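Shown next, in structure tokens, is the structure this report addresses.
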Amino acid sequence: ATGLYNSACETFPLTISKFGLELVGTNSAATWITPAGSGKRGLGIRGIGFVRIQGVTVGGANTAWEPGAGAYIANSRLTMADCTVSNNSGWPINGGGIWMRDTFLTMTNTLLAGNTASSDWGSYGGGLYAEGGQLRLLDSLVANNAASPGSGGTAGGAGIYLNGNYGSTGHLID
């Protein structure tokens, strides 16, 4: 539904814990999930299959010591369509926008922009950090994300950082 879902009216992170759940907004300009000021991530998805998120913006999350400021996705199967994940940041973390592990994530017509991962000793995947699983980006834009090394650390994958062995499944960016 159209609206602003923020820390004044919601508890963050919004946790998706039901198989086949669909989180559908009107469109990404009209439906916002923003935990701004709460110090929490936007979405938490763990061990769930066949989740669909469509027509929402996840933005404004700022976390400390938690990966995936915008969304944390582990051991799941998720489709995101017509979404925006923007202006999320965290320290010291990987995956300012999205952090995923052992997950099959398909993003279609989705914008991943303005997200930041930073640390004094190393950060990776300002927009998206992926470890295991499969990532498919279709007709999506990844732009203006940052992974900052801080004072003397290392950084990589300002937009996307792929870590680990993905077997024969591979990734698709089209």
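The values are calculated or read from the model by the stated rules, or taken from the named source; none is laboratory data. Keep in mind the model is a prediction, meaning the values are calculated, not measured. Because the Cβ atoms are built from the backbone with ideal geometry, glycine has one as well, and the counts that use them run over all protein chains shown. What goes into the accessible areas is simple: the full protein's heavy atoms, side chains included, and nothing from ligands, DNA or RNA. Shrake-Rupley method; radii C 1.70, N 1.55, O 1.52, S 1.80 Å.
Some observations on this one:
- For segment 118-145, a tally of residues being within 14 Å of ALA69 (Cα to Cα) and open to solvent by 40 Å² or more (accessible area, probe 1.4 Å) returns 1.
- Among the residues here, ASN109 qualifies as within 19 Å of LEU138 (Cα to Cα), in contact with a Leu (Cβ under 9 Å, 6 or more places away or on another chain), of a type in the set (S, T, N, Q) and open to solvent by 30 Å² or more (accessible area, probe 1.4 Å).
- Qualifying residue in segment 82-97 (condition: farther than 22 Å from ALA155 by Cβ, among the hydrophobic types (A, V, I, L, M, F, W, C) and open to solvent by 10 Å² or more (accessible area, probe 1.4 Å)): no
- Any hit, segment 89-102, residues being more than 11 Å from the chain's Cα centre (by Cα) and under 22 Å from GLY49 (Cβ atoms): yes
- Residues that are touching a Ser or Thr at 6+ places or on another chain (Cβ under 6 Å), surrounded by fewer than 20 Cβ atoms within 10 Å (Cβ to Cβ) and under 17 Å from SER89 (Cβ atoms) within segment 8-43 comprise GLY37, SER38, listed in sequence order.
- ASN94 fulfils the conditions (1) over 19 Å from GLY132 (Cα atoms); (2) touching a Pro at 6+ places or on another chain (Cβ under 7 Å) except for a single criterion, (1).
- Here TYR5, TYR72 are screened, and the one residue that is in a strand (DSSP E or B), over 24 Å from ILE173 (Cβ atoms) and open to solvent by 20 Å² or more (accessible area, probe 1.4 Å) is TYR5.
- The set of residues in segment 27-49 that are among the aliphatic types (A, V, I, L, M) and within 22 Å of THR108 (Cβ to Cβ) comprises ALA29, ALA30, ILE33, LEU43, ILE45, ILE48.
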